[in-house]
Amino acid sequence: SFDGTAEEFCVFIEGSLAYMTFSGHHACNHMIAIDGDNANGEVYCLAFHVIPDQQNPGQQLEDFMCVRYIDKYRRCADGKWRFAKRVVTYDMQLQRPFNGGGLMALGAKDPSYSELLLPFFQRGARG
């Protein structure tokens, strides 16, 4: 869980991802109600991670969460919408030992390497 600025979040994520074998977030529903220059929204998300088991060094855990992002937005003077506030709530969290079964690490054999050739999808540092 994180609470801070966008810049601090980037540092947090960069430091966290190095310890995760897998991390995936899947947005399911995104509902927004607009009233003039203000809006409210709710996003349902499923998050799955494989993380180190702090209680058992060398072991890993499956970390599965049902998350809701409860948002307030505002339209700025330039006409663009921005987040005014976000509250994150966890409706469910399940952690259990992970034995490595089912995790597909395709690496360079992943078909996205040969099919998604536009610059946005390229691997490596961004310039």
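Beta carbons closer than 7 Å, at least 6 apart along the sequence or on distinct chains, pair a first residue in the stretch 53-65 that is more than 10 Å from Arg96 (Cβ to Cβ) and touching a residue at least 24 places away in the same chain (Cβ under 8 Å) with a second that is open to solvent by less than 80 Å² (accessible area, probe 1.4 Å) and charged (D, E, K, R) for Gln59/Asp53; Gln60/Asp53. Can you name the residue in the stretch 100-116 that is assigned to a loop (DSSP other than H, G, I, E, B) and either loosely packed, with under 10 Cβ neighbours inside 10 Å or on the phi > 0 side of the Ramachandran plot (or both) and, of all such residues, is modelled with the highest pLDDT? Here the answer is Pro111. Restricting Thr21, Thr5, Thr89 to those that are among the hydroxyl-bearing types (Ser, Thr, Tyr) and exposed (fewer than 10 other Cβ atoms within 10 Å of the Cβ) reduces the list to Thr5. Selection over the stretch 46-74 of residues that are in contact with a His (Cβ under 6 Å, 6 or more places away or on another chain) and within 20 Å of Arg86 (Cβ to Cβ) gives a count of 2. Residues of the stretch 28-69 that are in a loop (DSSP other than H, G, I, E, B), open to solvent by less than 60 Å² (accessible area, probe 1.4 Å) and not acidic (Asp, Glu): Gly36 alone.
Here is a check on your reading of the model: is Asp3 of a type in the set (Asp, Glu) and in a loop (DSSP other than H, G, I, E, B)? Step through it out loud before you land on a result.
On the way: of a type in the set (Asp, Glu): yes; in a loop (DSSP other than H, G, I, E, B): yes.
Against the criterion (of a type in the set (Asp, Glu) and in a loop (DSSP other than H, G, I, E, B)), Asp3 qualifies.
Residues Ser23, Ser16: which one is part of a strand (DSSP E or B) and at pLDDT below 90?
On the way: Ser16 fails: part of a strand (DSSP E or B).
The conditions single out Ser23.
The values are calculated or read from the model by the stated rules, or taken from the named source; none is laboratory data. Here the structure is a predicted model, which means the values were calculated and not measured. Positions of Cβ are backbone-derived with ideal geometry, glycine not excepted, and every protein chain shown enters the neighbour counts. Surface areas here come from the heavy atoms of the whole protein model, side chains and all, with no ligands, DNA or RNA. Shrake-Rupley method; radii C 1.70, N 1.55, O 1.52, S 1.80 Å.
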